[in-house]
Amino acid sequence: MVSDFIVIGAGIVGLSTALRLLKEGASVTLLERHEAGREASWAGGGILSPLCPWNYPDTVNRLVTFSMSLYPEWIAALSTATEIDPEYHVCGLLVLPPYDLDKAVSWCTAHAAPLIYQPFPLSPSHDHAQQQTDQALLLPDIAQVRNPCLSQALYKRVKQLGGNIIEHCEVQKLDTTRQEIRSVRTPHKTFSANRYILSAGAWSKQILGEHALNIEIKPIRGQILLYKFPERPLHSVVLQQGLYLIPRCDGHLLVGSTIEDIGFDKGITPEAKDKLSGWAKQLLPELRGMSPLKHWSGLRPGTPDNIPVIGAHPFLKNLYINSGHFRYGVTMAPGSAEILTNEIMKRAQPFDTTPYQQGWNLFG
């Protein structure tokens, strides 16, 4: 039987999109090049915020704000249905100096976002003689999620609702006729559906091939370290100039992440390890003498200004895209799935979504 939809890519964005369509009563098949949720979705940190929101355009923050409004109920329903806990909790985000205080205060005031001044450094053992007058900024409403657990919950829920997930099934070509996709080719089989959704992250432009137009989605490598403490070493996520410490409830600590524009290279480097561990040990002396348990990387789908592409293809009338979320696929996933479903079903949107349809850059 031909599915109503084929979703290409089974990361958190693809799984969230499939789940939303299944709830509409559609039949959905997901095609994943490797294992579901094991690329950028698995590799990232799970901070549910665009780091310092005052450094991002309104287009990014608007989608994040909408997506975050859906998160508590979304996670609760997933946890109940699957008995998998994605470990969503509001832990706060502590922004360490240097930062633009005026810009931060102005943004938080304009968006009614609470902002609390906190003493710096992180712990009494920190040598901070030269920084005794510094303060950190706490955004107490920021949450985190354990993205591998979220991926597992989404996978299970999609299967529960009848979604067909086919792994190790790389889409190599879109077969088109008369401005429509007729089928998609994989190494072993051709698949057909009434409509298609591309959510293949960093690989989206490759899959589009000649139909990519001037879309700007490219792989950006991020490397992360993992440490383990007997108990949680910090209460909040800590951020400083793009690097972060993410404490998990079970004592694990993530240290990340790099931003490397080097193509489809998922290797890890000693330079990145030294950079991340050196920075982390300056902030958290308890890490001195500890070695990371793991060191890995992922490829994010980088886009200009972190603005994803969500909506219909300009010319192929049965193709949609939900990709290019850069560092914020996990954060934006439920909101992106909702606005794409609204477009497909021709429903009113919660806000102006046209900026997410302009990534094709037709005149670039």
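The values are calculated or read from the model by the stated rules, or taken from the named source; none is laboratory data. Only a predicted model underlies this, so the values are computations on that prediction, with no experimental measurement involved. Neighbour counts run over all protein chains shown; Cβ positions are idealised from the backbone, glycine included.
For the stretch 33-58, name all the residues that are crowded, with 18+ Cβ neighbours inside 10 Å and in a helix (DSSP H, G or I). Across the stretch 33-58, the qualifying residues are A40, S41, W42, A43, P53, W54.
The set of residues from the stretch 236-259 being farther than 24 Å from I116 by Cα, in contact (Cβ under 8 Å) with a residue 24 or more places away in the chain and not in a strand (DSSP E or B) comprises S257, T258, I259.
Before we move on, is W42 touching a residue at least 40 places away in the same chain (Cβ under 8 Å), among the hydrophobic types (A, V, I, L, M, F, W, C) and over 30 Å from T186 (Cα atoms)? Reasoning before the result, please.
Working: touching a residue at least 40 places away in the same chain (Cβ under 8 Å): yes; among the hydrophobic types (A, V, I, L, M, F, W, C): yes; over 30 Å from T186 (Cα atoms): no.
No.
Could you check how many residues of the stretch 271-319 are acidic (D, E) and free of Cβ contacts under 8 Å to residues at least 24 places away in the same chain? Give the steps one after another, and end with the answer.
Initial filter on the stretch 271-319 (acidic (D, E)): 271, 274, 286, 305.
With the extra rule that they be free of Cβ contacts under 8 Å to residues at least 24 places away in the same chain, the set shrinks to 271, 274.
Here the count works out to 2.
Matching residues to (1) touching a helix residue (DSSP H, G or I) at 6+ places or on another chain (Cβ under 7 Å); (2) among the small types (G, A, S); (3) at pLDDT 95 or above:
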{"site": "A10", "(1), (2), (3)": "no, yes, yes"}
{"site": "L31", "(1), (2), (3)": "no, no, yes"}
{"site": "P53", "(1), (2), (3)": "yes, no, no"}
{"site": "P72", "(1), (2), (3)": "no, no, yes"}
{"site": "E83", "(1), (2), (3)": "no, no, yes"}
{"site": "P98", "(1), (2), (3)": "no, no, no"}
{"site": "A113", "(1), (2), (3)": "no, yes, no"}
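Residues of the stretch 63-112 that are touching a residue at least 12 places away in the same chain (Cβ under 8 Å), over 22 Å from the mean Cα position of the chain (by Cα) and assigned to a loop (DSSP other than H, G, I, E, B): L96, P97, P98, Y99, D100, H111.
Among the residues of the stretch 265-316, those identified as out of contact with any helix residue (DSSP H, G or I) (no Cβ under 9 Å at 6 or more places or on another chain), at pLDDT 95 or above and among the hydrophobic types (A, V, I, L, M, F, W, C) are I268, A272, L276, W279, L293. Annotation note: of R182, R157, the sole residue that is modelled with pLDDT of 95 or more and over 22 Å from the mean Cα position of the chain (by Cα) is R182. The residue list L283, L316 contains one member that is touching a Ser or Thr at 6+ places or on another chain (Cβ under 9 Å), assigned by TED's automatic domain parsing to the domain that holds T353 and surrounded by fewer than 22 Cβ atoms within 10 Å (Cβ to Cβ), which is L316.
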